[in-house]
Every structure is written in structure tokens, then in C-alpha cells.
1. Could you please put THR454, THR502 in sequence from largest to smallest accessible area, using a 1.4 Å probe?
2. Under the 0.36 nm per residue contour assumption, what length would be gained going from the current alpha-carbon distance of SER100 and VAL36 to full extension?
3. I'd like to know which of ALA281, GLY317, SER257 lies farthest towards the positive end of the charge dipole of segment 214-331, counting +1 on Cβ of Lys and Arg and -1 on Cβ of Asp and Glu.
4. Would you mind getting me the FRET efficiency between ASP646 and VAL556? Use the beta-carbon distance for r and R0 = 25 Å, nearest 0.05.
5. Whole-Å semi-axes of the chain's equivalent ellipsoid, largest first, each the root of 5 times a Cα gyration tensor eigenvalue?
6. Longer than 28 Å from Cα to Cα, which of LYS434/LYS486; LYS410/LYS496; LYS99/LYS486; LYS430/LYS592; LYS46/LYS448 are they? Say none if no pair is.
7. Give the dimensionless ratio obtained when the Cα radius of gyration of segment 181-263 is divided by 2.2 N^0.38 Å.
8. Remind me, relative contact order of the chain in percent, using alpha carbon pairs under 8 angstrom and six or more residues apart?
Amino acid sequence: MGRRRNIAASVGGWSARHRWWALLIWIGFVAAATFVGNAVGTAEQKDYESMNGDSRAAAQILDGAKYKEVAGEVVLVQSRDGKLTLQDPAFRQAVMDVKSAVEATGQVEHVRTAYDKEPAPVTRDQRTTLVQFDMKGEADTADERVQPVLDAVAKTQSAHPQLRVEEAGGASADKLIGEAIDKDFVRAEQLSLPITLGILLAAFGALLAALVPVALAMTAIFSATGLLALTSQLLHVDSATSNVMLLIGLAVGVDYSLFYIMREREEREKGRDKRRAIEIAAATSGRAVLISGITVIVAMAGMFLTGNGVFMGFAEGTILVVLTAVVGSLTVLPALLSLIGDKINARVIHGTVRVATRGRVTWRRLLGVRGGESRIWGAIIDPVLRHPLVSVVLAGGLLVALAIPAFGLKTGTQGIDDLQGDYAIAQTFKRIDKAFPGGNEPAMVVVKADDVTTPAFTAKIEDFKKQALATGEANEPIQVAINPDKTVARISIGIKGNGTDTVSEHAIHTLRDTVVPATLPGAHITGNTAGSMDFNDQLGRTIPLVFAFVLLLAFVLLLVSFRSLVVAVKAILLNLLSVAAAYGVLVLVFQKGYGEGLLDFNSTGSITNWLPLFLFVILFGLSMDYHVFILSRIREAYDKGMRTEDAIAFGIKSTAAVVTSAALIMVAVFATFATLSLLTFMEMGVGLAAAILIDATIVRAVLLPATMKLLGDWNWYLPRWLGWLPQLSHGDEPEETHEDRVPALVG
């Protein structure tokens, strides 16, 4: 079948010939998307949209019930040595001092103590109680007004050293923990750009070559964020979506630019003129970028099948940022290369430093990205190709060994233990939960009726309370709140356990399966424990669909792109092996706790429940970047007449430097998340960094060439009935003779 000029080559050629138009269109697109996005604003999810099952139904009823949202706070008053009890004058005085102090701030209302007619909770041993109150004003902004209350409680603590007097609640947690976590994210994001620039400077040794990939990635992120504001009006997104978009956008945007620039520079060094170098880069690396981008988009689209709002929002955001990065790489990048020309290699910083120090300070292009084959990787690849079977056994054995712990992967929900670092309020939450089990994580029973205040319905609620307490799995405090329309009753009830263990989950099952049907039929249960259970159930049903969707479409895409059944199957298997190895690393480091000393965290004995699926789609998509890029080069060399073994060696050696550079950037950027205060994001950062490192080294430098060498020409096996698949050009066919069809580029 005849070769067909591919889309990437056509688009890249047009952009290079009409560079100013391409640049203006891209700048206009980025400016318009950013402006419109800022004007419209991103529509964030409502609480119920991130939930599933029964808890979603309950939250959706609450969303329309017109409850006044308040920020509840509590002050723990507890005997330090166990001697003082509620009856002691000193204990009573401390409680009353807390009440007076918080009321004096003018920021609180509805203060309730253990000495009131409707008393606040007290432990059985009378040594611990709570002072409960609500913050005045809107709940969403309560953290902005809570500091005077925190100061008042701190002064009361100083006056009563024999007691523990500590505040906790939604507003104080947002103030003390939320601000710290926000600072963590800002620091991680601020580190990403300097790290990326530093690695690119070391790789290229040229300022422009380092700036262009970053500029392309950032403009893709800006425009995608603007587009997200529009699409989020239809599908609302979680607030963390922008953080995920930054990570993925920076990773793929820089990768795609590296692939393109490296090939263009390589062709120039072969003596090609500027026009031909860009055309070949567009037809080869541009095509690899297009295939890789589509593969990443397919992987991200798998998250739509989860049916969970958070994952669907992540899919929405990441697809947009990958799509804009691909479009930018295929359009504006050829235009920039046509405009800049060989100046992209100008080593301005290196030259300035060298002149200033009279030659005493100099450095090579550390990673050899300018072009040609990498000698360092050549020293690795040659022995691998000489001893492919040994290489497969050793490298494969290592990855299998890393993957084995993944079979013991245990997921858990995010709780207060997820917070790492010295946060006094976290300890307060734990003390409250120990003294009043389930108090921090109560179940929320929501029931809707024409009028929930009638005597008959009130009797049903009272019956629910009695039967719930009689199970021994629920406990006080039990609070009932009626909405203004008297159509919804919200019953908050404490449950046994810590909110994340099997004891708490069994309590939810008991309420749902036994107590609610017998007393409040039609009621729904939500809360952190119930929500987590429903989330896990939803994932359990949809994960097989997500895996099947991603693997099947990736297989089809690779089959069509490389015209090889073996290449497509092997790519899927190698990617799955690298993901499994990353899971194993997560289990060893975080679940088993072997990384506690190195990373300074306390293991919870589990991995956050949403992380394995998220890592699968992200890692499967990103690792395909390297696989597609390397395979494209190998296939190109093979199509030009090289023997399979020679094509393997050439393809991997000639791409090793750029793959190393891209991988180093990803690993460094992802590793910054290991410095955050939340264990979940530490797990995400380490998992992503470990997987990319494994993929770019053991898989791509050892397993890929070794398995291809063993398979020989079977690598290119394609059944006859698939012979209709197109053979795309590599951009080096004889040039057109009609100058009007392919005009020369102006230097």
C-alpha cells in the first residue's frame, strides 16, 4: 500500500511556511481562552457531585433543603492527669472561662456546655467534655474570622495548665491546616518551573532551547485552564483539577517539545536545510507526538467510566491540557523553529559565564540532547543486545520482584492520620475521637417528607434513635436538624470505630440494612464513612471497565500506528509491568512503612483508595510518551532498510538522551509532591516519580531492546487481513518539484 503524508507533517509544514500566521493564531487562541475563562470562571462541583450511591442521594437532598450552613467548632476540656472531673470546681471554672472567652470575641453563637440544660457531650469517667458552638456568618468564610476565637481559647489554656483546653472544628482546621497545605502546593508549583528549566539548561546548554519547551507547556496550561472554565459549566470539576492539569501539562508539554526540537536539530546537523529539517521533524517526531497525545487522551478518558465526579473532572481537565499541548507542538513549535533557526542552539548563558571566568568555568551539554547518539546509553544498550535473554531475565525479574508486593495492596480512606507534620489541631481531633468515638465522623441520616415535624414523624425519628443506640454500634451525640421548609430532617449520629475502620463500616451497614428500613424507610445515609464505602463500591464495579477501555483502545491505536500486532501487545504488557512495579514500590514505602525514616512520615498501613486507579491512567498515558517516541524511531529505521537489530540499537541510542531528559524533568517535578504535608500527595508524588524512573530506564533501556532483539523480524508481524492499514511517511521522500506547492522558507 502506498505511503500517505501524515497529518502532523502537513500541519507542521504549513506552520513553518506561514510562521507569523501560526504564531499569531496561537497567541490569539491562548489570549482568548484565558480571557474568556477568567470572565466565566470555573464551575466547581457541589458536594454531592463528588459522591456515589446512597451518600450522593442524601447529599443531593441536603443541597436543595436550604439549610443554613454553619461552621461548628468545639473546645476539648480534659483532665491531664485524670484527677480532675466534671464535678470539681476547677474543671467547672475552666469550662465557664472557655464559654466566656469565646463569647467575648463576638464571633460565635449557640454556645453549649456540659452544665447547660441540654448538656454538651461528657465521657463516662467525667474527665473529658466539649464546649460546642457555631461561628457566626457564612460557613465558607468562617476560617477568616476564627483567629480571635483561637487566641481566646489559647489564653484560657494558659490560665488552666492542669487541664487540656484545645479547639478543633471546620473553621479552625481550614485556618491552621488548610493554609499550611495551600502553602505546600504553592511551594511545589513554584519549584516545578525552576527545576524544569535547570534540567533543560543542563540538557541543551542553550537558553532558547530550554525556554521554548517551558513556554509552550505554560501557554498550553493557560489556554486549557481557560477552556476548562467553559466545559466545567456542563461538567463541574473538583478544585484539585487545576493542580493535576499543571502536573500533566508541564510533563507532556515539555516532552513533546523535546522530541520535536531534538529531531529538528539532528536533521540540521546532518546538513539538511532549515525547511527540510522541520519537515522531517514534523513527519517523524510530530507524528510521534500526535500518537502519544491521542494515547494519553484515551487513557485519561477512561476516568469518565468511573461515574465519579472527581475522576470525571480530572479526565476533563487532563484531556484539555494534553490536547492543547499536542496542538501547540504541531503548530506553533514548527513556526518558532522556523523563526529562530539555528539561534536555538546559542549557548548564551554558557558563553557569558565562560567569558566572565576566562574559560575557567565551562560545561558540556550534560545529556547530549543536541542530537546524535548517546554514548552513555550506548554503553548500556550494546551489552543488552549482545545478551538479550540474560537482560530480559534480570530486568524482568527485578520488575516482577517489585510488583509482587502490589498483590498485598490495601486501600483505605483519608482520615486525620493522613496529615503529616507537627499540627497540634490534628492531635486534638484524635483526642476528641478517642474520647467520643464517632464524634468527628458521625453518620448523617437524611429523610425527606411532606412535613417532618408532625407528631407521627417525630415519633419515627425517636424510634430510630432508640433502635440505633440499641444496636451498640451507634452512640451519642445524636442531633436532629430540620430545614426551613420542614420537609427534610438531618439526623447526625455517632458511630463506633474511628470512621475509617471495619467497625465504623459495619455500623453503617447496620443502620442502612436494619435500623433505617424499620424506622425511617426511604431515608439515606451519608457522612465520611458512608461516602467512602459508596466510593469504594463504585470503583469496584467500574475499575474493570476502565482497564478494559484503556487497554483495548491503546492496543488499537498502537496497532494502527506501527502496523504490528506484536509491537502493540508488547507495549501494553511492558506498560502494565511498569505500573505494577510502581504499585509495589508504593506498598513497600507507604503501606509497609519502609520509607518512613527517609521521607519523614507515619504509615497508616494502607494506600489512599482513589490513588491506584488515578496512577494507572496517568502512568499508562505518560509512559506511552517514551514508548511511542522510541518505537517511532525504530520503525522509521527499519522502514528505511536497516536490519531489526540495527534499527533497535539506532532507535534507542538516538532517543535515549531526550528520553532521559524528559524523564528527569517528570521525576523531579513529581518528587516535589513528596514534600507535601498530606500523605496522599506524598504517595502520589513517589508513585509517579518511581514509575517514570522505572519506565525510562529498566523498561525502555533494557526490556524493550532485549525483547525486540529476541523477537527479531517477528516484531513487525501483521496479519494479511490487516494489510490495509496505512503506511505513513517519515518525511524524507523525494522533494516536490513544484515550488508553488512547497515554497522555500525565508531564512
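1. Numbers: THR454 50, THR502 110 Å².
Listed by decreasing accessible area, they come as THR502, THR454.
2. Details: separation 64, 0.36 × 64 = 23.04 nm, distance 5.02 nm.
Roughly 18.0 nm would be gained on extension.
3. Checking the options against the dipole of segment 214-331, the answer is ALA281.
4. Values: r = 29 Å, r/R0 = 1.17.
My answer for the efficiency is 0.30.
5. On the way: eigenvalues 649, 147, 126 Å².
The equivalent ellipsoid of the chain has semi-axes of 57, 27, 25 Å.
6. Details: LYS434/LYS486 35 Å; LYS410/LYS496 22 Å; LYS99/LYS486 31 Å; LYS430/LYS592 22 Å; LYS46/LYS448 20 Å.
Over 28 Å apart, Cα to Cα: LYS434/LYS486; LYS99/LYS486.
7. Values: Rg = 14.3 Å, N = 83, 2.2 N^0.38 = 11.8 Å.
Rounded to two decimals, the normalised Rg is 1.21.
8. Relative contact order here is 20 percent.
The values are calculated or read from the model by the stated rules, or taken from the named source; none is laboratory data. Please read these numbers as outputs of a predicted model, since none were measured by experiment. Ideal geometry is used to build each Cβ from the backbone, glycine not excepted, and the neighbour counts take in all protein chains shown. Just the protein is used for accessible areas: all its heavy atoms, side chains included, with ligands, DNA and RNA removed. Shrake-Rupley method; radii C 1.70, N 1.55, O 1.52, S 1.80 Å.
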